[in-house]
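The values are calculated or read from the model by the stated rules, or taken from the named source; none is laboratory data. Owing to the predicted nature of the structure, the values given are computational and were not obtained by experimental measurement. Every residue, glycine as well, gets a Cβ built from its backbone with ideal geometry; the counts of neighbours run over all protein chains shown. Note: areas computed on protein heavy atoms with side chains; ligands, DNA, RNA excluded. Shrake-Rupley method; radii C 1.70, N 1.55, O 1.52, S 1.80 Å.
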Amino acid sequence: MTDHAPLIERAFALEPREQCYVIENIEGEIPDFVRGTYYLNGPARFSRGGFSYRHWLDGDGMVCALRFDNGGVRFTNRFVRSAKFVAEEEAGRPIFRTFGTSFKNDRMKRRIALESPVNVSVYPYQNSLLAFGEQGMPWELDPVTLETRGEYNFGGALNDISPFAAHPKFDSVAGEMFNFGVAYSAANPHLNLYRFNGGGKLIYRKRLQLDYACSIHDFSLSEHYVVFYLSPYVLNME
């Protein structure tokens, strides 16, 4: 079989370090109009205490920031101190089941949900940053230091097992944020649609019935509609 991603397995063996430094070695000149910060979130560590995870989505989330200002270019990266990360750091071993890896005596949140590694996306929001995983609430970060401030539940409007996806959409005119989450149930699957105003307050949460427990990864936002593709990838919840 042809290997279309040679050496990609090295990513699973990396031991990333948290760093913050000014990039000194720059060739040429950075244009004056290049100012601001580029943020990135993704799975960064795939082993703990001699145990290795088996899927891309299992790695602990790490947020990186590349900041351009008059003082130069600065790079910062930090792990998201989620509930999962903090508990497993203290224990020195994996505790929670992940998307692609289970093990003896692994735990789940309230015995029904995965404890998110918060490793998918990151978005500026209300003079802050929100880091998202495919499960659970986002986590708030300091936009400069990337220090974790805590779980973000929109003023208590949602709880830690509210279905909440990692791909919100933003209305740049109204300053509103939309997101969704699928409640995977054998008897009553439904789609939760959330709308938040520019101040982070929940405007509404609508529960839309689904005919089957289909996997929904993302959605689109237009001026008047939110658009979902209901894929034929159906989960057997039983």
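Out of the residues in region 163-196 meeting the condition of being within 18 Å of A213 (Cα to Cα), part of a loop (DSSP other than H, G, I, E, B) and of a type in the set (S, T, N, Q), tell me which one is least open to solvent (accessible area, probe 1.4 Å). Among residues in region 163-196 that are within 18 Å of A213 (Cα to Cα), part of a loop (DSSP other than H, G, I, E, B) and of a type in the set (S, T, N, Q), the one least open to solvent (accessible area, probe 1.4 Å) is S185. For region 25-57, the tally of residues that are in contact with a strand residue (DSSP E or B) (Cβ under 8 Å, 6 or more places away or on another chain) and more than 27 Å from Q135 (Cα to Cα) stands at 5. For region 197-208, the set of residues classified as in a loop (DSSP other than H, G, I, E, B) and open to solvent by less than 60 Å² (accessible area, probe 1.4 Å) consists of N197, G198, G199, G200, listed by residue number. State yes or no: is P31 surrounded by 13 or more Cβ atoms within 10 Å (Cβ to Cβ), out of contact with any Asp or Glu (no Cβ under 8 Å at 6 or more places or on another chain) and in a loop (DSSP other than H, G, I, E, B)? No. In region 76-93, the residues that are over 25 Å from L66 (Cα atoms) reach residues that are open to solvent by 30 Å² or more (accessible area, probe 1.4 Å) with C-beta atoms within less than 7 angstrom, at least six apart or across chains, in these pairs: G92/G49; R93/G49; R93/F51.
For region 32-42, the count of residues that are under 24 Å from W139 (Cβ atoms) and of a type in the set (F, W, Y) is at least one. Answer yes if at least one residue in region 209-221 is closer than 30 Å to G36 by Cβ and open to solvent by less than 40 Å² (accessible area, probe 1.4 Å), and no otherwise. Yes - at least one qualifying residue is present in region 209-221.
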